[in-house]
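Colleague: Before I ask anything, here is the structure I am working with.
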Amino acid sequence: MEEHKPVDPIEYQPGLKKIRKRRWFLWAIIFAYLPAMMVALDSPNYRARATFVFAVWIVLLIIAVVFACIVRCPRCDECFHTHGPTFLPFRRCLHCALHVNADKRAAEAESPDAKYTNKK
Ligand SMILES: [Zn+2]
């Protein structure tokens, strides 16, 4: 791991927001499978509907995983969820351990006047 100079985590906010959006998209696709399949199986021509739902779901899942794989960490500029060929959707960067909510935590920890005195 490289050495990092201390930077205000709030500066990572745009990058972390992007990572959070992609994580939400991935989990939403995964959890949408069951309700979508239940609706499909309730219809009279359930075989065709279930096949269609599965085909659409698998395509969306591949898209969601690819987008989550290629999203870059705002601190180390490596892929946030990917280390080599391994995809691990953890809440910390697999390279520099930056937390996905580091910007929110920093905003909570900082008092309103510390914001002006701690600036570099
Ligand atoms: Zn990182």
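Colleague: Within the range 65-82, track down each residue that is surrounded by fewer than 15 Cβ atoms within 10 Å (Cβ to Cβ) and away from the ligand (no atom under 11 Å from the Cβ).
Modeller: 66, 70
Colleague: Report yes if some residue within the range 102-120 is within 11 Å of the ligand (Cβ to nearest atom), at pLDDT 95 or above, outside any loop (DSSP other than H, G, I, E, B) and out of contact with any Asp or Glu (no Cβ under 8 Å at 6 or more places or on another chain); otherwise report no.
Modeller: Scanning the range 102-120, I find no residue that is within 11 Å of the ligand (Cβ to nearest atom), at pLDDT 95 or above, outside any loop (DSSP other than H, G, I, E, B) and out of contact with any Asp or Glu (no Cβ under 8 Å at 6 or more places or on another chain), so the answer is no.
Colleague: Restricting attention to the range 21-50, which residues are among the hydroxyl-bearing types (Ser, Thr, Tyr) and over 22 Å from the mean Cα position of the chain (by Cα)?
Modeller: 43, 46
Colleague: Residue by residue through the range 83-93, note down the ones that are within 11 Å of the ligand (Cβ to nearest atom), surrounded by fewer than 20 Cβ atoms within 10 Å (Cβ to Cβ) and either part of a loop (DSSP other than H, G, I, E, B) or modelled with pLDDT of 95 or more (or both).
Modeller: 92
Colleague: Moving to a separate point now. Within the range 15-31, does at least one residue satisfy the condition of being not in a helix (DSSP H, G or I) and not basic (Lys, Arg)?
Modeller: No: zero hits.
Colleague: Consider residue 94 against the criteria (1) in contact with a His (Cβ under 7 Å, 6 or more places away or on another chain); (2) at positive phi; (3) of a type in the set (A, V, I, L, M): it satisfies all of them except one. Which criterion is unmet?
Modeller: (2)
Colleague: With the requirement that a residue be aromatic (Phe, Trp, Tyr) and over 21 Å from residue 108 (Cα atoms), what does the range 3-62 give you?
Modeller: Once the filter is applied, which keeps residues that are aromatic (Phe, Trp, Tyr) and over 21 Å from residue 108 (Cα atoms), the range 3-62 yields 24, 25, 27, 31, 33, 46, 52, 54, 57.
Colleague: Same structure, new question: Just to be sure before I move on: is residue 48 in a helix (DSSP H, G or I) and either surrounded by 14 or more Cβ atoms within 10 Å (Cβ to Cβ) or of a type in the set (Lys, Arg) (or both) in the structure I sent?
Modeller: no
The values are calculated or read from the model by the stated rules, or taken from the named source; none is laboratory data. Since we're looking at a predicted model, the values are computed, not measured. Positions of Cβ are backbone-derived with ideal geometry, glycine not excepted, and every protein chain shown enters the neighbour counts.
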